[in-house]
């Protein structure tokens, strides 16, 4: 079961919107993966068609009964058939799977107490205490599979991705040869090439089932700060923004450069995340 924070992240709304909508529909707020996809469809219809929540709920139920492979479906919105709602079911299910996987991997409840000060736009992140990123001798070593994956993704980005390192209790870089976390440049055109490359490499959302023809849409990088994927036995996190590091331009000045197979690679260390809470 998903927490309120994870459910809201999977839907793309706020927990308050979910609770208010559930109250209007007089239904309990369930938190299964299927419920997250249903609420995401409801929220999309409410926002795009400006429909009442009750009508959006009815439409969402009808649409999700259809085969995801149906592609674009036209749903009549009024009796005269003068207004219709067009939904690309294949793309919706692909985007919903990506959002759900990211919510499961990254969404955590807010800490109690006064929230940390947000960095103004363009301000660089403060180096993590004990971070090894000031010394390239502590740079992580990539496995052969990770090197090949990094090279494939670097070739489609405007600038080489930055590797995200999350240390353990000791002040040394912790590296998992089954996980690769990358902060990418969101320059114009990168999202399209990145989505195409990931799809070609067979990337899939982690821990979430997908349809056979799953495709990564470039738009997911404009709606999700971090995308939780798997390619073979490697867990891959692609980030446009990462807590503790910021966006690519914020992190590049703090990243440690080193050479791997003649390629310049950079890494930045951030505090290890806590596992997501469930209810």
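Looking only at residues of the range 181-193 that are more than 14 Å from the chain's Cα centre (by Cα) and assigned to a helix (DSSP H, G or I), we find that the one that is farthest from residue 162 (Cα to Cα) is 192.
For residue 190, are the conditions met, namely being closer than 18 Å to residue 94 by Cβ and either in contact with a helix residue (DSSP H, G or I) (Cβ under 8 Å, 6 or more places away or on another chain) or assigned by TED's automatic domain parsing to the domain that holds residue 155 (or both)? Here the answer is no, as residue 190 does not meet what is asked. Among the residues of the range 23-45, some residue qualifies, meaning at least one is crowded, with 21+ Cβ neighbours inside 10 Å, more than 23 Å from residue 204 (Cβ to Cβ) and either assigned by TED's automatic domain parsing to the domain that holds residue 228 or modelled with pLDDT under 95 (or both).
The values are calculated or read from the model by the stated rules, or taken from the named source; none is laboratory data. Note that the structure is a prediction, hence the values are computed from the model and not measured. With ideal geometry, Cβ positions are generated from the backbone for all residues, glycine too; neighbour counts draw on all protein chains shown.
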